[in-house]
Amino acid sequence: MRKPLAVAVCTLCLALTPARSPVHLTLHEGTNIAAALSPDGRTIAFDLLGAIWTMPAGGGSAKRITDELMDARQPAWSGDGARIAFQAYRTNTWNIWSIAPDGTGLKQLTWGPFDDREPHWSPDRTRVVFSSDRSGNYDVWVLTLASGDLRRLTSNPANDFGPAWSPDGREIAFVSDRESGRGIYAVSTTDGATPAERLVRAQAGALAGPSWSPDGRTMAFNAIAAPKSALIVGGTDIADPTEDVFPFRPQWISPTELLYTADGKIKRRHVEGGAAAGAAVVVEFSAQVAFERPAFTPKHRDFARPGPQPVRGIMHPALSPDGKQIAFSALGDLWLMPVSGGAPKRLTNDPFIELGAAWSPDGRWLAYSTDRAGSTDVWLRDMTTGAERRITSGPARSEAAWSPDGNRIAMSRAGGGIDVVDVGRFTGVDVPRDTTMPPVVASLRVSGEPGGPSWSPDGRYVVMSALKPNSTRFREGSNEVLRVAIADGAQHWFEPLAQKSIGMREDYGPVWSPDGTQMAAIVDGRLGAFPVSREGEPVGPVRMLTTELANSPTWAGDSRHVLVQTDDRFKIVDVVDGSVREVDPHLTWTVKGAGTATRVIHAGHLWDGTSSALRDNVDVVVEGNRIKSVEPHRAALHAGTVIDASNETVIPGLIEIHSHLSKAYGESLGRLWLSWGITTVRNPATNPFEAAEEKESVESGRRIGPRTFSAGDPIDGTRIYYPGGTTIDGGAQLSLQLARAERLGYDFMKTYVRLPDLLQKRVVEEAHRHGLPVTSHELYPAVAYGADGVEHLRGTSRRGYSPKQSQLNRMYADNIDLLGASGMTITPTIGIQGGFQLQTIRDSSWLADPRMALYPPAVTQASRALARAPHPQAELDQRTAMVTPAEKSVARILHAGGRVTAGTDSPINPYGLALLMELEQFVSGGLTPLEALKSATTVNAQAIGMGADLGSIAPGRFADLVMLDGNPLANIRDLRKVKQVMKDGELYTSEALLRGPARPGAAAR
Ligand SMILES: [Zn+2]
Ligand SMILES: [Zn+2]
């Protein structure tokens, strides 16, 4: 029986959730907007907030002519002024559309699973040129409107994009990154045989928007090499020194004048004799935006559920070759259960994390990974004797798969690639006593982050799910089957379904059947199987075998049965007759009781999360895991255990609102968080079973760590980038994902950058009905239809440029005003825009911090290299003094009334430390230490719907406290001086957190 989700509504939380009232804004600035003047010179069309607007050429009130859900950008007028072409993202790809200037006659001009961008009309207005990845990279294509004929005009294997028709109609200029020399090229429109000719040699940086002068003799374009964005005309930069020119086609509106966009504005600028003549003139616009964010009450997470809870954090189930048993991971340990029913039996029992069980073909051995010896290594377990031994020794390796002859194991290596280990002499006899590691016989390089390997029956190949980008211009693509030869590493791609992902680069297949006749994989979230040749070539269609979401397929030795995991059970699917056998794991866990013991923290100083000054000499009385009272010290309060923090400052446990937790860190990750004073972490994109395992292991007391709030894998469009990216091309899949979110207890939903607005809006509406907030990289229109948060000041964008921040990292008033007025939260993550490195250059003392020993050696090495590398943005002499545009933006958002939530997107930068550095950067940008501290305590607590439980020190709150030296209200860097941490009423000293649990098997045993 599935338990209905308990949606407890906390009245205090309601009071803490900012009221959602109508928002009316008049915008005068736009970030990365593009503009074009009509041929009669009377009307400017421009894009703003993902819509096309028109206004008089002299400026004034703008009128929106497209709806808000098509992400319409980069308008271009037809020569007669009757139509405006633009690129739009109505469905899962960019297409070219057109519309009449009065907003009537919307028409889609291109279709299909490819991205078509940057349209421009032929002077005779019979054709539209655009760039497209139809051929596997970006080329210039021409659409003849009357016939619908499409012609590919360039075929160089480099990317060609940003096309512009010459005034005489004979040539098309475009940007190209071809190896013969980056630059602006031109190609004849009439004679396809003539190769493109380079007009302009590449400047440093990125080129965009070539534009012919009316006489066809001068080229204008944009070139960005931070910190300079240039408007190049005839080889000369005519922009002001600090002007932030946006990367779009400047338009010649007379032989001596250009219309272009920069600094959040539409501008005109005269050119004479190859130089700027006079200052730019701003064409002011005003654009009305009005919306009412739907009211929404987030579900309240109950940390004290009584009685046994069903385990949902089951990871990597594997069916034994005889089809009779299932091995899996849960609660940090390995388990074994009979398919016929009966309780799972614990195979390991320790605070470390065992994962990824794989059966040897003869069923005698399990290979799995564990951090038991300090790094995440692969171990073998003899299933007849229970003896275990380690077969790798750092760097982290996991996702083991046995060769069909049982002599070799392929496994994923941290940082990418597949290692093959020869275990023949270790499995043929009893586990030897010696500590020799079996030899690595092949190290295969595979770029990106591929999924786990699966062997061909003849042992010559491994196959895996790997990312195949649609072009080299943008990083997204689909997951396809990559076959890698063991002997020489030769790679070959198979695409069983055009433009559809096979597997998700986690444990979602493809897995090759033992008899070699087929592969099973997760496709669109469900189990599919397809016949293959001996070489792995698909030789028939993909058959779908489940109607519900499934993952972790493994074959039985009979090549007929496939085990998959659904949201709450196992299913064994007979691929021949389609019958399904359900297996309920019947595993439960219990919340670790908080008890009722009283502890008193005698605080020399206390910051409670809200007040603007420290209080001195305070007693925080904790009963069980909650704060009972916070009062001036009295001897009478010192009952039970007294914790002396009289020389320390006590603050609320910090909350990191954007981090992706890696199991490869093992149990040390939990200690690592606490050692930096972070007691709560929100994880916006993660394998949902791993996320459930984290919660269940920590809340049951199996291992220590912060409270976690998790989304599942991010909901994306048909193209993805990261492993786990969940491809959605319609509403039915979305409903399955939301049902999963409810069953697996997601705390919120994350949508990713290729999900169209129409579907994102639907996610927001449905998630809100389930009490789940939604966050994404999108600001507008997401803010208007109720999305709760936005991640990153910049972040990846499907547009190739950000509508939140310019290429020079500047934010404009459109976004500042939207964030200030709406109550939508923003997690700046400026550390990943080079800020972490800059902060390290300002103060690198953390390199010597003893907590660095808690990270894998590769992380510490990378950190040291970072400290030595030149900063990409800073001029060297300005290193310590400069305030970056991103740092300034955080202060502007906050001072406009915005809700800034502190988070880092770690592990891009080191877990824990990165949050402290982010707060230091907030202060560099102009926040007071108080404002910065609130962003990581009370503001973050409210953002996750837990303002009444977390983020402040007050009666009734969880006892999540940090005791540190110094005063972070005076010096934010004092946050680094953690002495003790209390989480959920349990006290940990820094020394104990560094030490960690005893390791029983540091050497092979
Ligand atoms: Zn006291
Ligand atoms: Zn992230």
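The table below lists the values:
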{"quantity": "Considering residues of the range 458-510 that are touching a residue at least 60 places away in the same chain (Cβ under 8 Å) and hydrophobic (A, V, I, L, M, F, W, C) only, the residue farthest from residue 445 (Cα to Cα)", "calculated": "498"}
{"quantity": "Elements of type helices (runs of 4 or more DSSP H) in the range 758-875, at least 2 residues being within 16 Å of ligand 2 (Cβ to nearest atom) and under 26 Å from residue 908 (Cα atoms)", "calculated": "835-842"}
{"quantity": "Filter pass, residue 813 being of a type in the set (A, V, I, L, M) and free of Cβ contacts under 8 Å to residues at least 24 places away in the same chain", "calculated": "no"}
{"quantity": "Condition met for residue 559 (away from ligand 1 (no atom under 16 Å from the Cβ), closer than 30 Å to residue 329 by Cβ and surrounded by 21 or more Cβ atoms within 10 Å (Cβ to Cβ))", "calculated": "no"}
{"quantity": "Subset of the range 694-731 [within 15 Å of ligand 2 (Cβ to nearest atom), part of a loop (DSSP other than H, G, I, E, B) and not acidic (Asp, Glu)]", "calculated": "711, 712, 714, 721, 722, 723, 724, 725"}
{"quantity": "Residue that is under 35 Å from the mean Cα position of the chain (by Cα), modelled with pLDDT under 95 and within 17 Å of residue 513 (Cα to Cα), where the choices are 394, 452, 417", "calculated": "452"}
{"quantity": "Residue check for residue 894: part of a helix (DSSP H, G or I), of a type outside the set (Ser, Thr, Tyr) and more than 21 Å from residue 976 (Cβ to Cβ)", "calculated": "yes"}
{"quantity": "Every residue from the range 608-632 that is touching a Lys or Arg at 6+ places or on another chain (Cβ under 9 Å), in a strand (DSSP E or B) and acidic (Asp, Glu)", "calculated": "619, 623"}
{"quantity": "Filter pass, residue 932 being away from ligand 1 (no atom under 16 Å from the Cβ), small (Gly, Ala, Ser) and touching a residue at least 60 places away in the same chain (Cβ under 8 Å)", "calculated": "no"}
{"quantity": "Unique match (being farther than 19 Å from residue 184 by Cβ and small (Gly, Ala, Ser)) among 135, 155, 166, 131", "calculated": "135"}
{"quantity": "All positions within the range 304-328 that are over 27 Å from the mean Cα position of the chain (by Cα) and in a loop (DSSP other than H, G, I, E, B)", "calculated": "304, 305, 306, 307, 308, 320, 321, 322, 323, 324"}
{"quantity": "Long-range neighbours under 6 Å by Cβ, at least six apart or interchain, first residue touching a residue at least 24 places away in the same chain (Cβ under 8 Å) and charged (D, E, K, R) within the range 670-687, second part of a loop (DSSP other than H, G, I, E, B) and surrounded by fewer than 24 Cβ atoms within 10 Å (Cβ to Cβ)", "calculated": "671/996"}
{"quantity": "Test: residue in the range 650-660 that is away from ligand 1 (no atom under 16 Å from the Cβ) and more than 30 Å from residue 691 (Cβ to Cβ)", "calculated": "no"}
{"quantity": "Residues of the range 905-935 classified as in contact with a helix residue (DSSP H, G or I) (Cβ under 6 Å, 6 or more places away or on another chain), of a type in the set (A, V, I, L, M) and within 16 Å of ligand 2 (Cβ to nearest atom), total", "calculated": "2"}
{"quantity": "Residue, nearest to residue 94 (Cα to Cα), within the range 155-174, restricted to residues that are touching a Lys or Arg at 6+ places or on another chain (Cβ under 9 Å) and not small (Gly, Ala, Ser)", "calculated": "161"}
{"quantity": "Boolean, residue 829 is buried (at least 20 other Cβ atoms within 10 Å of the Cβ) and touching a His at 6+ places or on another chain (Cβ under 6 Å)", "calculated": "yes"}
{"quantity": "Options 691, 639: the member that is among the hydrophobic types (A, V, I, L, M, F, W, C), touching a residue at least 24 places away in the same chain (Cβ under 8 Å) and within 16 Å of ligand 2 (Cβ to nearest atom)", "calculated": "691"}
{"quantity": "Hits in the range 632-647 (condition: among the hydroxyl-bearing types (Ser, Thr, Tyr) and within 10 Å of ligand 1 (Cβ to nearest atom))", "calculated": "646"}
{"quantity": "Count of residues meeting criterion [surrounded by fewer than 17 Cβ atoms within 10 Å (Cβ to Cβ) and either closer than 22 Å to residue 506 by Cβ or polar (S, T, N, Q) (or both)] in the range 359-393", "calculated": "3"}
{"quantity": "Tally, over the range 587-631, of residues that are hydrophobic (A, V, I, L, M, F, W, C) and either closer than 30 Å to residue 333 by Cβ or more than 10 Å from ligand 1 (Cβ to nearest atom) (or both)", "calculated": "12"}
{"quantity": "Failed condition for residue 945, given (1) assigned to a loop (DSSP other than H, G, I, E, B); (2) modelled with pLDDT of 95 or more", "calculated": "(2)"}
{"quantity": "Test: residue in the range 635-657 that is buried (at least 21 other Cβ atoms within 10 Å of the Cβ), of a type outside the set (A, V, I, L, M) and within 21 Å of the chain's Cα centre (by Cα)", "calculated": "yes"}
{"quantity": "Of all residues in the range 601-622 being free of Cβ contacts under 8 Å to residues at least 60 places away in the same chain and either of a type outside the set (Gly, Ala, Ser) or surrounded by 20 or more Cβ atoms within 10 Å (Cβ to Cβ) (or both), the one that is farthest from ligand 2 (Cβ to nearest atom)", "calculated": "617"}
{"quantity": "Residue check, residue 800 more than 14 Å from the chain's Cα centre (by Cα) and either free of Cβ contacts under 8 Å to residues at least 12 places away in the same chain or under 26 Å from residue 118 (Cα atoms) (or both)", "calculated": "yes"}
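The values are calculated or read from the model by the stated rules, or taken from the named source; none is laboratory data. Here the structure is a predicted model, which is why all the values come from computation and not from measurement. Backbone-built Cβ (ideal geometry, glycine too); neighbour counts: all protein chains shown.
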